[in-house]
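The values are calculated or read from the model by the stated rules, or taken from the named source; none is laboratory data. Here the structure is a predicted model, which means the values were calculated and not measured. Glycine also receives a Cβ, built like all others from the backbone with ideal geometry; neighbour counts cover every protein chain displayed.
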Amino acid sequence: MELTLKRHILNPLLSPKPHHTWESKYVFNCAVIKRNGLFHMIYRAQGEDMVSRLGYAVSTDGLRFNRLESPVFGPASQWELYGVEDPRLTEIDGKVYMLYTAYSPHGVRVSMASTRDFIRWERYGVVIPDINNKDAALFPEKINGKYVMFHRIEPDMYLAFSDDLIHWDNFVSIAGPRKGYWDNLKIGVGAPPIKLEEGWLVLYHGVEKTARPTYRLGFMLLDLNDPSKVIKRSEEPILEPVEDWEIFGGVPNVVFSDAMVEHDGKFYVYYGAADNHIALATIEKEEVLRWVRS
């Protein structure tokens, strides 16, 4: 069986605000985490200077978000001169960690910060310093005594392991592009993984090599005790660009997600559409479990 996400009728949920200079052009790839009954969103935005900054929005229902007028996180080092991009949030032991991409003349690097209130942030800087790297997300718990991180050394999805969340090593490629499939050019993690009895459910993006590369979403299932082992992978995409606002934009033909939240028996998948808007698609958890078990 194959799965398909259902777009929400309120889409797009967030769009650029012309009178906010830092988010006047593009509002897109976001992280969302549910804590204490609230949905907290950290989203990427670009304005007149085209530097990526991160804004904060909050919601009681996961649909209608109130956002701050100013960014809560912006460039603060030589590694971030061109911006801070594509956040992903994971709660570990009561603290929310954010992995993000630092972009500068030096290239792109995986970086990390943490927070307890989404306004004040402790910065740890670049955590994988020596190689162009992005699409990073933390597992919500240790596995075999180690912290585990997804990252992407193009074109494959990798894992890295750490004792302290700061120093990472033992890079392992777990999956790559598939010839003849919708993800034949490159792949990367989407949202941080969700733990099921059957394994780690992982949302990921795949890119097809076409005249204008197309970004789509799919699922993987990884072994609980050995996440380098892929048990299952989507044969067909679960979401692809269809709406005009997903096809035309800052980067055309893109649905790109950094966030999947379990809520009311569903998985809420928040995604950036053509680098212009933030939208939501959902799927029943039971439907995903049938796919996992089939």
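Here Ile92 fits the description: surrounded by fewer than 22 Cβ atoms within 10 Å (Cβ to Cβ) and either out of contact with any helix residue (DSSP H, G or I) (no Cβ under 8 Å at 6 or more places or on another chain) or free of Cβ contacts under 8 Å to residues at least 40 places away in the same chain (or both). Taking segment 204-235 as the range and being in contact with a His (Cβ under 7 Å, 6 or more places away or on another chain) and in a loop (DSSP other than H, G, I, E, B) as the test, no residue passes.
Working only within segment 109-140, note down all residues that are buried (at least 21 other Cβ atoms within 10 Å of the Cβ) and of a type in the set (Ser, Thr, Tyr). Within segment 109-140, Ser111 is the sole residue that qualifies. The set of residues in segment 102-120 that are without any contact (Cβ under 8 Å) to a residue 40 or more places away in the chain and hydrophobic (A, V, I, L, M, F, W, C) comprises Ala102, Val108.
All of (1) farther than 18 Å from Ile33 by Cβ; (2) among the aliphatic types (A, V, I, L, M); (3) assigned to a strand (DSSP E or B) hold for Ala137 with one exception: (1). Each residue in segment 114-134 was checked for being in a loop (DSSP other than H, G, I, E, B) and either touching a strand residue (DSSP E or B) at 6+ places or on another chain (Cβ under 8 Å) or β-branched (Val, Ile, Thr) (or both), and 8 of them qualify.
Would you please name the residue that is farthest from Gly55 (Cα to Cα), looking only at residues in segment 253-294 that are of a type outside the set (D, E, K, R) and more than 18 Å from the chain's Cα centre (by Cα)?
Filtering segment 253-294 for residues of a type outside the set (D, E, K, R) gives 253-257, 259-261, 263, 265, 267-274, 276-283, 288-289, 291-292, 294.
From what's left, more than 18 Å from the chain's Cα centre (by Cα): 265, 288-289, 291-292, 294.
On the way: Gly265: 28, Val288: 31, Leu289: 33, Trp291: 35, Val292: 35, Ser294: 40 Å.
This residue is Ser294.
List the residue pairs whose Cβ atoms are under 8 Å apart, where the first residue sits in segment 230-247 and is over 15 Å from Ile278 (Cα atoms), the second is at pLDDT 95 or above and assigned to a helix (DSSP H, G or I), and the two are 6 or more positions apart or on different chains. Filtered contacts from segment 230-247: Lys232/Trp291; Lys232/Val292.
Each residue in segment 188-203 was checked for being in contact with a helix residue (DSSP H, G or I) (Cβ under 9 Å, 6 or more places away or on another chain) and part of a strand (DSSP E or B), and 3 pass. The set of residues from segment 263-277 being part of a loop (DSSP other than H, G, I, E, B) and within 16 Å of Cys30 (Cα to Cα) comprises Ala274, Asp275, Asn276. Checking the structure you have, find out if any residue of segment 278-287 is at pLDDT 95 or above, under 30 Å from Ser24 (Cα atoms) and of a type in the set (S, T, N, Q). Scanning segment 278-287 turns up at least one residue that is at pLDDT 95 or above, under 30 Å from Ser24 (Cα atoms) and of a type in the set (S, T, N, Q). One residue is enough: does segment 57-65 have a residue meeting the conditions in contact with a Pro (Cβ under 9 Å, 6 or more places away or on another chain) and in contact (Cβ under 8 Å) with a residue 40 or more places away in the chain? Looking through segment 57-65, none of the residues is in contact with a Pro (Cβ under 9 Å, 6 or more places away or on another chain) and in contact (Cβ under 8 Å) with a residue 40 or more places away in the chain. Every condition in (1) surrounded by fewer than 16 Cβ atoms within 10 Å (Cβ to Cβ); (2) at pLDDT 95 or above; (3) under 25 Å from Ala281 (Cα atoms) is met by Arg212 except one, and the failing one is (2).
If the condition is being closer than 27 Å to Lys209 by Cα, part of a strand (DSSP E or B) and either without any contact (Cβ under 8 Å) to a residue 12 or more places away in the chain or in contact with a Leu (Cβ under 8 Å, 6 or more places away or on another chain) (or both), then segment 152-172 contributes Phe171, Val172.
Could you grab me the full set of residues in segment 236-262 that are of a type in the set (Val, Ile, Thr) and either at positive phi or not in a strand (DSSP E or B) (or both)? Within segment 236-262, Ile238, Val242, Ile247, Val251 qualify. Where strands (runs of 3 or more DSSP E) fall entirely within segment 1-113, those with at least 3 residues that are closer than 22 Å to Leu217 by Cα, at pLDDT 95 or above and in contact with a Cys (Cβ under 9 Å, 6 or more places away or on another chain) are at 38-46.
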